[in-house]
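See below for the structure under consideration.
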Amino acid sequence: MAETIKCYIEKLLSAQAMGVSVDSETARWLAEIPDQLHQKLVQKGFVPPRKIVGTLGEVIPAIITDKSIGAKPATIEIWGQSEESLYRYFGKDRQVDKITETEAKEFCIWLTKEGSLKESGPLKQTTVYKRM
């Protein structure tokens, strides 16, 4: 494990020296490492601190408010439906940055099978695309 960490640190240092972003594999590794290890890398100056994103109940309303300026009422209504779907599936208290790609795919499947806000039935594919 130490050898793996060493390789990723070398990639981080190389990217810093060249003034470029890290490759996708290293970025994925950084996103998945425990907070304790990430904090050690921050202390050594290898990476910036992680941003605390917030919960769905904090983030989604702020996004909708921000994007609503100049948006059509029907568009805002669709965003509200997407918000409600997210709350029903994940809950308002779910940390946004803790939702995995697999969970997002499972959410999409759930929308297809049970995502209707009226009767908890299936949604048409076009509606699923809008909600996603």
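Look at the alpha carbon pairs under 8 Å that are at least 6 residues apart: their mean separation over the length of the chain gives a relative contact order of 19 percent. Taking amide hydrogens as placed 1.01 Å from N in the peptide plane, the amide H of T55 sits under 5 Å from those of V96, each at least 5 positions away in sequence or on another chain. Whole-percent P(r), the chain, all Cα pairs, 5 Å bins from 0: 2, 9, 15, 16, 13, 12, 10, 10, 8, 4, 1, 0.
Shown for the chain are the DSSP H helices of 15 Å or more along their axis, judged by Cα atoms, with a mean Kyte-Doolittle hydropathy of at least -1.0: 2-18, 56-67, 73-90, 101-114. What lysines does K92 reach when the alpha-carbon gap must be under 26 Å and sequence neighbours fewer than 8 apart in one chain are set aside? Cross-link targets: K51, K67, K72, K105, K113, K118, K124, K130.
Identify the trypsin sites (Lys or Arg not before Pro) of region 1-100 meeting these criteria: DSSP loop state and at most 11 other C-beta atoms within 10 Å of the C-beta. Write down the numbers at each step before the final one.
Working: sites: K6, K11, R28, K40, K44, R50, K51, K67, R88, K92, R94, K98; in loops: K44, R50, K51, K92, R94.
Filter output for region 1-100: K44, K51.
Can you list, largest first and rounded to whole Å, the semi-axes you get for region 2-43 by taking the square root of 5 times each eigenvalue of its Cα gyration tensor? Provide the component values of the computation, followed by the final result.
Details: eigenvalues 54, 24, 22 Å².
Over the Cα atoms of region 2-43, the semi-axes work out to 16, 11, 11 Å.
Within region 90-132, list the GluC sites (Glu not before Pro) lying in a DSSP loop whose Cβ has at most 12 other Cβ atoms in a 10 Å radius. Don't skip to the end; give the middle numbers.
Working: sites: E101, E103, E106, E114, E119; in loops: E119.
Taking region 90-132 and a limit of 12 other Cβ atoms within 10 Å, the loop GluC sites (Glu not before Pro) found are E119.
Bear in mind that the values in this text are calculations on the coordinates, not laboratory data. Please read all numbers here as calculations on a predicted model, not as lab measurements. Heads up, the Cβs are rebuilt from the backbone with ideal geometry, glycines too, and the neighbour counts pull from every protein chain shown.
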